[in-house]
Amino acid sequence: MNLFCLDGIPAIHTEPDEVPGMYMVLGRVADHTEELAPEERALIRDSNPSRQNGFATGRRLAKAALTHLGISLQPILRSERKPVWPEFVVGSISHTDHLAVSAVARAMHYQGIGVDVEVISAVDERVANRVLDEDERGWIDALQLPEWRTALFSAKEAIYKATNPITGEFLGFRDVTLRIDENAQSFTAYTLKDLKASSLLERARGYFHRIEGHWLTTFVIEA
Ligand SMILES: CC(C)(COP(=O)(O)OP(=O)(O)OC[C@H]1O[C@@H](n2cnc3c(N)ncnc32)[C@H](O)[C@@H]1OP(=O)(O)O)[C@@H](O)C(=O)NCCC(=O)NCCS
């Protein structure tokens, strides 16, 4: 995985043969609104400062990631909240109050990418009961890994971001079940009923990383 850390964030160990062709850039959320193109700034004119910073930092990192594909600066607009990527490119953006991330790849390599970053303590037992099924909660309880509640939540958000731009389908948290490989810090996913996303999930895989009190989750669907 090609993961670049900016803004003094320490490098994260990743396996070089995992997710070849994808470029991911991680940075700290700050006021990057001056770097936005006028068309991008117009999209968040009425948002609060924290939302503006998250949006602007996400765009900054997305543009940095695109340079690794040889694509020079251009506005990244949006459609129904989704980023609009250059032709033949797939990508994803996520931000918390502190960290932001974006990943991109050529569509000839991946049909979809989803990234998600979450504060490790973000998901408590009450939220976990809503978004995770019995098997997923049982796995967390058996291994006594409460911080994995947020990892599994994050995995489902990354899955949504990777699949929704392809299918246009809303996926509920309980529509998808995760199979975690804790040793490899990776996961696969499947649906319980036949949905548009079902066949996509069969050729997809996700990865977990921990950085500065956050889970960073990546989900990629092979082309
Ligand atoms: C869309 C959603 C996943 C965003 O996640 P979030 O934790 O709220 O926020 P994040 O910071 O991680 O991500 C926000 C970014 O997601 C991207 N995004 C928004 N909607 C998207 C969509 N439908 N598809 C892909 N990316 C989307 C945008 O780039 C947005 O950032 P921006 O507005 O600055 O460009 C979430 O709000 C949501 O609607 N979840 C419900 C559906 C779901 O996750 N189901 C689980 C199924 S297994």
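The values are calculated or read from the model by the stated rules, or taken from the named source; none is laboratory data. Note that the structure is predicted; figures quoted are calculated from it, not measured. Note: ideal-geometry Cβ built from the backbone for every residue, glycine included; neighbour counts use all protein chains shown.
Quick notes
- So Arg106, is it of a type outside the set (A, V, I, L, M) and assigned by TED's automatic domain parsing to the domain that holds Tyr190: no
- Unmet criterion (only one of (1) touching an Asp or Glu at 6+ places or on another chain (Cβ under 6 Å); (2) under 23 Å from Val119 (Cα atoms)) for Thr191: (2)
- Where Arg106 falls short, out of the listed (1) touching a residue at least 60 places away in the same chain (Cβ under 8 Å); (2) within 16 Å of the ligand (Cβ to nearest atom): (2)
- The strands (runs of 3 or more DSSP E) found wholly in the range 1-100 and carrying at least 2 residues that are among the β-branched types (Val, Ile, Thr) occupy 89-95.
- The requirement of being modelled with pLDDT of 95 or more, part of a helix (DSSP H, G or I) and within 11 Å of the ligand (Cβ to nearest atom) is satisfied by Ala158.
- Taking the range 166-206 as the range and being more than 18 Å from the chain's Cα centre (by Cα), part of a loop (DSSP other than H, G, I, E, B), within 12 Å of the ligand (Cβ to nearest atom) and surrounded by fewer than 15 Cβ atoms within 10 Å (Cβ to Cβ) as the test, only Leu192 passes.
- Residue match in the range 128-144 (condition: outside the structural domain of Val104 (by TED's automatic domain parsing), surrounded by fewer than 23 Cβ atoms within 10 Å (Cβ to Cβ) and part of a loop (DSSP other than H, G, I, E, B)): yes
Residue-by-condition table, conditions (1) crowded, with 20+ Cβ neighbours inside 10 Å; (2) within 14 Å of the ligand (Cβ to nearest atom); (3) in contact (Cβ under 8 Å) with a residue 60 or more places away in the chain; (4) among the charged types (D, E, K, R):
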site	(1), (2), (3), (4)
Asp46	no, yes, no, yes
Gln74	no, no, no, no
His95	yes, yes, yes, no
Gly114	yes, yes, yes, no
